[in-house]
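Have a look at the structure below before the remarks.
FYI, it's all coordinate maths here, none of it is from the lab. The structure presented is a predicted model; accordingly, all values stated were derived computationally and were not measured. So basically every Cβ, Gly included, is an ideal-geometry build from the backbone, and we count neighbours across all protein chains shown.
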Amino acid sequence: MRKTVEEIIETIKALKGFTKDHQVADLLGMGRGALSNAKQRNAFSFFDKFAELCERDNISFDILRRDPFQSSVNLQITNTPGTNEGALYGNFVRVNVFSLTAGDSAQGLTEEEPIDTAIIPRELYNESSFVVQVCGDSMEKLLMHGSNAVIDTSKKNIVSGSLYALKIPHEGNIVRECYSEPQGLSLIPYNKNYPTSRVMWKDFDPDMVIGKVSCSVFNVFR
């Protein structure tokens, strides 16, 4: 997946040790206003000048690529025991599991009847956390259908490249990797059979964010 224009500009700045966008514009030989406009519209209108820069300075076109699914690196995945024996002591705790498709907020989800229980490491669970069961294949093979995900409702500020549970109008509750971009919030599924979508900033409501997905939990030997 190609980086956004803002990310491309930031990459060039990092390569050249620049701190200002206008330094990139001067390097590319384009107007500063033109680069600012391209950044705001996320329009890669200066590709030809970028290609000239790559040829002149021996820069690989690979810098255009966004690292594939950054959250696959950030997301913690753990296997835990699925039986009672020894699980309720020491480093593990049994918690309720809720359906992600129920309710329209963190409070609404946890007010529903739990659909299961899971055993997870105590260190992964705090007073702001709850556990949901993943339904569907839009996030395979990162979050498999039937696996449990820990949602931290205290972390709602979007950090690009992280997974979040969200409530999206006309879609319901979903989990997606999120990227904050100039025009809006991009929601990226792990399964490439599903399309990337975007919530424009004018339509974005912070209450859409249920919380950050901090961990995927598989209980074994259930």
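Some notes on this structure:
- Annotation: lysines with alpha-carbon distance below 23 angstrom to LYS3 (same-chain offsets under eight excluded): LYS13, LYS16, LYS20, LYS39, LYS49, LYS141, LYS192, LYS202, LYS212.
- Debye, to nearest 20: dipole size of the range 9-53, +1 on Lys, Arg Cβ, -1 on Asp, Glu Cβ: 140 debye
- In sequence order, the range 114-122 has phi-based couplings of x, 9, 5, 10, 9, 10, 9, x, 4 Hz under the Karplus curve 6.51 cos²θ - 1.76 cosθ + 1.60, θ = phi - 60°, and Gly or Pro positions carry x.
- The range 105-206: relative contact order as a whole-number percent, Cα under 8 Å and 6+ apart: 19 percent
- Options LEU143, ASN126, LEU185, ranked by Cα towards positive dipole end of the range 119-222, top entry (Cβ charges): LEU143
- GLU123 versus LEU64: modelled label distance in nm, points set 7 Å from Cα along the beta carbon direction: 4.2 nm
- The modelled label-to-label distance for the pair PHE47/LYS13, using points 7 Å beyond Cα in the direction of Cβ, is 2.4 nm.
- Packing here is the average count of other Cβ atoms within 10 Å per residue, and on that basis the peptides 128-136, 25-33, highest first, run 128-136, 25-33.
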